[in-house]
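Visitor: The structure follows.
The values are calculated or read from the model by the stated rules, or taken from the named source; none is laboratory data. From a predicted model like this one, the values you see are computed outputs, not experimental measurements. Note that each Cβ is placed from the backbone with ideal geometry, even for glycine, and that neighbours are counted across all protein chains shown. These area figures cover heavy atoms from the full protein model, side chains too; ligands, DNA and RNA do not enter into them. Shrake-Rupley method; radii C 1.70, N 1.55, O 1.52, S 1.80 Å.
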Amino acid sequence: MSYAAAVASGPKQTPEEAAAPQPPEVVSSESASTASLVDVDTPSVRTVPSDFMEQDVKTETQASRQELEDEAERARAEAHLAKKKGAGKARKADNILTKWFGDLSDGASTALVVSNLTAVIGLSTYLGYKAWGLYENGRLGWKNIGLGAGILAGVGLIEGILGGYLQKGKKKQS
């Protein structure tokens with residue numbers, strides 16, 4: 001007998017028993033008083049004048065805040081300058097590689113592509129052969145597989161970067 005059949009054969013519930021219980025209601029015994037609230041239209045509310053930052057320093061706290069803000073501004077300016085210099089050096093290196101690959105003749109660039117393809121296929125074949133040997137001996141594990149995949153990923157990354165420079169150089173030349 002199934003569970004559904006056993007439940008169906010039992011006593012029936014009344015609609016009151018089957019219904020979900022009513023959630024409890026919160027009855028507020030406090031009256032909402034607005035006497036303690038501040039009216040924003042009254043003159044007791046003070047606002048900061050718009051020239052607040054240009055006013056004279058009157059306390060040590062203001063002086064230390066201004067010093068911190070000045071130091072932060074100087075640090076931001078130095079970081080921006082260093083970022084510009086770093087970007088200039090990276091762009092210069094990028095231009096050097098692009099120019100070098102662009103100066104290759106069509107035959108030399110084709111030979112470079114073929115040799116890179118041959119090297120990748122040779123490396124993949126060698127790693128596959130080594131993995132098969134480890135598998136045959138029962139020593140192929142996740143560590144070996146991860147090492148081989150890492151080597152292939154590193155070579156692929158380098159090939160992708162150099163291939164991008166080769167493609168940029170050839171586009172500039174055209």
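Visitor: Collect residues whose amide H, placed 1.01 Å from N in the peptide plane, falls under 5 Å from the amide H of LEU140; neighbours closer than 5 in sequence don't count.
Guide: Residues meeting the criterion, in which the H sits 1.01 Å from N, are TYR135.
Visitor: Scale the Cα Rg of the stretch 40-174 by the rule-of-thumb value 2.2 N^0.38 Å and send over the ratio, two decimals. Don't skip to the end; give the middle numbers.
Guide: Details: Rg = 30.4 Å, N = 135, 2.2 N^0.38 = 14.2 Å.
For the stretch 40-174, the normalised Cα radius of gyration is 2.14.
Visitor: Same structure again: Quickly estimate the mean residue ellipticity at 222 nm for the chain, helices only: each DSSP H run with n ≥ 4 gives -39500 (n - 2.57), and the total goes over all residues, rounded to 500. Don't jump to the answer; show the numbers that get you there.
Guide: Values: 5 runs with 118 residues, N = 174.
Here the helix-only value at 222 nm equals -24000 deg cm²/dmol.
Visitor: Which of LEU157, SER2, VAL57 sits closest to the plus end of the dipole of the chain, meaning its Cα is farthest towards the positive end, when Lys and Arg get +1 and Asp and Glu get -1 on the C-beta?
Guide: Sorting the options by dipole projection puts first LEU157.
Visitor: Follow-up question, since we're still on this one. Through the Karplus equation 6.51 cos²θ - 1.76 cosθ + 1.60, θ set to phi - 60°, convert the phi angles of the stretch 66-83 into ³J(HN,Hα) values in whole Hz; use x for Gly and Pro.
Guide: 5, 4, 4, 5, 5, 4, 5, 5, 5, 5, 5, 5, 5, 5, 5, 5, 5, 5
Visitor: Moving on. Listed highest first by mean packing, meaning other Cβ atoms within 10 Å per residue, what order do 69-78, 14-23, 90-99 come in?
Guide: 90-99, 69-78, 14-23
Visitor: Only Lys, Arg, Asp and Glu count, each charged at its Cβ (+1, +1, -1, -1), so figure out the dipole size of the chain about its Cα centre, rounded to 20 debye.
Guide: 1980 debye
Visitor: Can you compute 3J(HN,Hα) from phi for each residue in the stretch 134-139, using the Karplus curve 6.51 cos²θ - 1.76 cosθ + 1.60 with θ = phi - 60°, rounded to whole Hz and x for Gly and Pro?
Guide: Those phi angles translate into 5, 5, 4, 7, x, 10 Hz.
Visitor: Here is a follow-up. Could you give the distance between the Cα centres of the stretch 107-159 and the stretch 46-97, to the whole Å?
Guide: A separation of 50 Å, based on Cα centres.
Visitor: Keeping to pairs on different chains or 8 or more places apart, tell me how many lysine pairs in the chain have Cα atoms under 20 Å apart.
Guide: Taking the chain as the scope, the lysine pair count is 13.
Visitor: Share of the chain's accessible area from carbon and sulfur, percent, 1.4 Å?
Guide: On the way: 9340 of 15190 Å².
Carbon plus sulfur share of accessible area: 61 percent.
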